[in-house]
Every structure is written in C-alpha cells, then in structure tokens.
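Take a look at the structure below.
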Amino acid sequence: MPAESVRQARPWRPSPLIAGSFLLHGAALVAVALHPPWWPQLLLVLVLNHLLLTVCGLVPRSHWLGPNITRLPRAARARGEIAITIDDGPDPAVTPAVLDLLDRHGVRATFFCIGAQAQRHPGLCREIVQRGHTVENHSQHHGRNFSFLGPRAFRRELRQAQDTLTSITGQKPVFVRAPAGLRNPLLDPVLPGLGLQLASWTRRGFDTRTNDPDLLLRRLTRGLRAGDILLLHDGNSARTAAGEPVILVVLPRLLDQIAEAGLRPVTLREAHT
Ligand SMILES: [Zn+2]
C-alpha cells in the first residue's frame, strides 16, 4: 500500500538549524547570567538567529526547518517518474476540465485541496479520487496568516482539513503543502502527530499571477527531468487574455512535453512506494 510507507508516524526531531537555535538560546542565557553587561550583544545574536529562522520559513523549498519534499525519491527518479501537483481546488469552474485533460492523457496527479473548498464542493472532491488521483492537505482555510500561526493553530487548521478531506474522500491525506509554501519553525513539530509530511515542489510557474501560457510552460519545463515535482493551480488560476483559466491552456502542452521527454507522471504517493 503506497500510503503506508509515508503514513508511518515519525517522532519529531529538530533539524540541525532548530537544534542549534535551542543551544544558542541556552548558551545566551548562561552567558548573560555570568556576564550581565554582555546582554546587548547576546540579544543581537538571538535577534539574528530569529531573522534567519524567519527567512528559512519564507523560502518554500528550504529544508532548514525540517523535512520538506522538493523532489521525488531516488527510486522514483530511476523509474523516470515526475509528479504534477495541483493546488487550491476543488474549483467547479476549472477542476472538471482539468480532470478531463488528465484522463485524456492517462495521467494521475496530486491535488492539494483546501478543506473549506472541499466542503463547498464535496462531490467534485470525491470525483478527483474516483478518477484515480489523490487528494492531499492544503490547510482548511488557506489563510494569508498561515505562516504566522503557532503550534495549536497549526494543529487545528491541519487537523480540520484532515478530517474534512478524509470524511469526503475516504482517503486520509499523507502530504501537506503550506499555503504559498510559507511557514515558520513551529509547523514541523505538529506534522508527525497528524501523520503528515511537508511537500513543496521542484518548480512552479506562478500560474495564479502569470497568465501567459508560453512563459508558464517555459518556467515549468526548464531543465525538466525525472524526479521533478511541478506546481500548478486549479483554484485561483489566472485567466488568459481570452478569459480562460491558464492551467487549461498550459496543461495539455505540459503533458505532451513530459511524454516527449519519456517521463511518467505519477502521484506523490505512488512515487513514495
Ligand atoms: Zn495554495
């Protein structure tokens, strides 16, 4: 069962940067106790440490705050696999056409759905799974403040999405993607308890803002190779000059290029078998 290997609970282990930050805070406390006049310099060091942690949370592909999937595993790369991930749906105006395009190309994709959107369109969310794709956790509300949340709010937000998506599709998500890929150091410790692994991407086209299909295709396929995780959007998709959701123009061309390159699109779960 593909999902089992990724669903195994892992104990939370701090990344080297987080462990180092804990040590630094402890050392600073000891130092200020021994030499109180040093406090301004020590405070500056701690402020710089927090600045570094913040910057790492604002870099979606950063591995410094904890495990973050940005490419498929070695075995999947050896099999010539690639993953198409589609965020922010389900969207009744776009998702059905995306599903038809994927069917036409015989391709399975990973949909990072927003819990609240799934509640609005449960039938569509179920259809994604019924047509052979997987639905993963993209938070319940996709709030702009996600990267400012604390541990309790992260847990509530992600558990709500887990419960919503599981009850609608019958499948428990095993991957989570932070809204816009933005997070903070307090997210990683809550993920093991929810059975979730953070998954970002190798490359994205910025298709919520860019409506030029040629430019998007170039961004998504520059250096395309086995193991890549590509990010597109069915929810919040930019519209072309002709008013069409840009994913519907880009996706067929992208799937053709992937096939021409001899690569095989799979879901994230399948890649992690
Ligand atoms: Zn999103």
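The values are calculated or read from the model by the stated rules, or taken from the named source; none is laboratory data. Here the structure is a predicted model, which means the values were calculated and not measured. A quick note on method: Cβ atoms are made from the backbone with ideal geometry, for glycine too, and the neighbour counts reach across all protein chains shown. Surface accessibility is based on the protein's heavy atoms, side chains included, excluding ligands, DNA and RNA. Shrake-Rupley method; radii C 1.70, N 1.55, O 1.52, S 1.80 Å.
With V59, V55, V47 as the choices, which residue is surrounded by fewer than 18 Cβ atoms within 10 Å (Cβ to Cβ), farther than 30 Å from L231 by Cβ and not basic (K, R)?
Details: V59 fails: farther than 30 Å from L231 by Cβ; V55 fails: farther than 30 Å from L231 by Cβ.
Result: V47 is the single residue among V59, V55, V47 that is surrounded by fewer than 18 Cβ atoms within 10 Å (Cβ to Cβ), farther than 30 Å from L231 by Cβ and not basic (K, R).
Does L102 satisfy being surrounded by 15 or more Cβ atoms within 10 Å (Cβ to Cβ) and touching a Lys or Arg at 6+ places or on another chain (Cβ under 8 Å)? Taking the combined requirement at face value, the residue satisfies it.
Being over 22 Å from H133 (Cα atoms), away from the ligand (no atom under 16 Å from the Cβ) and within 16 Å of the chain's Cα centre (by Cα): is that true of D214 here? It is false that D214 is over 22 Å from H133 (Cα atoms), away from the ligand (no atom under 16 Å from the Cβ) and within 16 Å of the chain's Cα centre (by Cα).
The one condition from (1) closer than 25 Å to E244 by Cα; (2) open to solvent by 40 Å² or more (accessible area, probe 1.4 Å) that F148 does not meet is (1).
Going through R219, R204, R225 one at a time, which residue ends up being within 12 Å of the ligand (Cβ to nearest atom) and in contact with a Lys or Arg (Cβ under 9 Å, 6 or more places away or on another chain)? Step through it out loud before you land on a result.
Numbers: R219 fails: within 12 Å of the ligand (Cβ to nearest atom); R225 fails: within 12 Å of the ligand (Cβ to nearest atom).
Just one listed residue meets the conditions, R204.
Applying the selection to the range 123-142, what residues are surrounded by 14 or more Cβ atoms within 10 Å (Cβ to Cβ) and farther than 22 Å from L268 by Cα? Walk me through how you get there before you give the answer.
The first filter runs over the range 123-142 and keeps only residues surrounded by 14 or more Cβ atoms within 10 Å (Cβ to Cβ), leaving 124-129, 132-142.
Of everything in the range 123-142, just one residue is surrounded by 14 or more Cβ atoms within 10 Å (Cβ to Cβ) and farther than 22 Å from L268 by Cα, namely H141.
This table checks each residue for (1) farther than 19 Å from L268 by Cα; (2) open to solvent by less than 60 Å² (accessible area, probe 1.4 Å).
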site	(1), (2)
Q160	yes, no
R183	yes, yes
S200	no, yes
R219	yes, no
L232	no, yes
N236	yes, no
A241	yes, no
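Of the helices (runs of 4 or more DSSP H) entirely within the range 40-152, those holding at least 3 residues that are away from the ligand (no atom under 16 Å from the Cβ) and modelled with pLDDT of 95 or more occupy 74-78, 95-104, 122-130.
Going residue by residue through the range 163-170, is there one that turns out to be in a loop (DSSP other than H, G, I, E, B) and either of a type in the set (A, V, I, L, M, F, W, C) or more than 15 Å from the chain's Cα centre (by Cα) (or both)? Spell out how you get there, then give the answer.
Residues of the range 163-170 that are in a loop (DSSP other than H, G, I, E, B), as a first pass: 170.
So of that shortlist, the ones also either of a type in the set (A, V, I, L, M, F, W, C) or more than 15 Å from the chain's Cα centre (by Cα) (or both) come out as 170.
Within the range 163-170 (the criterion being in a loop (DSSP other than H, G, I, E, B) and either of a type in the set (A, V, I, L, M, F, W, C) or more than 15 Å from the chain's Cα centre (by Cα) (or both)), the answer is yes, since at least one residue qualifies.
Look at the range 172-200: where a residue is touching a residue at least 12 places away in the same chain (Cβ under 8 Å) and a partner is within 14 Å of the ligand (Cβ to nearest atom) and of a type in the set (K, R), sitting 6+ places away or on another chain with Cβ atoms under 6 Å, you get A199/R177. A single member of P179, P192 is under 26 Å from N49 (Cβ atoms), within 15 Å of the ligand (Cβ to nearest atom) and open to solvent by less than 30 Å² (accessible area, probe 1.4 Å), and it is P179.
Working only within the range 233-273, note down all residues that are more than 16 Å from the ligand (Cβ to nearest atom) and small (G, A, S).
Those that are more than 16 Å from the ligand (Cβ to nearest atom) and small (G, A, S): A241, A242, G243, A259, A261, G262, A271.
Quick one: is D207 in contact with a helix residue (DSSP H, G or I) (Cβ under 8 Å, 6 or more places away or on another chain), under 25 Å from R13 (Cβ atoms) and among the charged types (D, E, K, R)? No. With respect to the conditions (1) closer than 20 Å to R264 by Cα; (2) open to solvent by less than 50 Å² (accessible area, probe 1.4 Å); (3) touching a residue at least 40 places away in the same chain (Cβ under 8 Å), P90 lacks only one, and its number is (1). Of all the numbered requirements in (1) out of contact with any helix residue (DSSP H, G or I) (no Cβ under 8 Å at 6 or more places or on another chain); (2) modelled with pLDDT of 95 or more; (3) over 30 Å from R126 (Cβ atoms), D188 misses one, and that requirement is (1).
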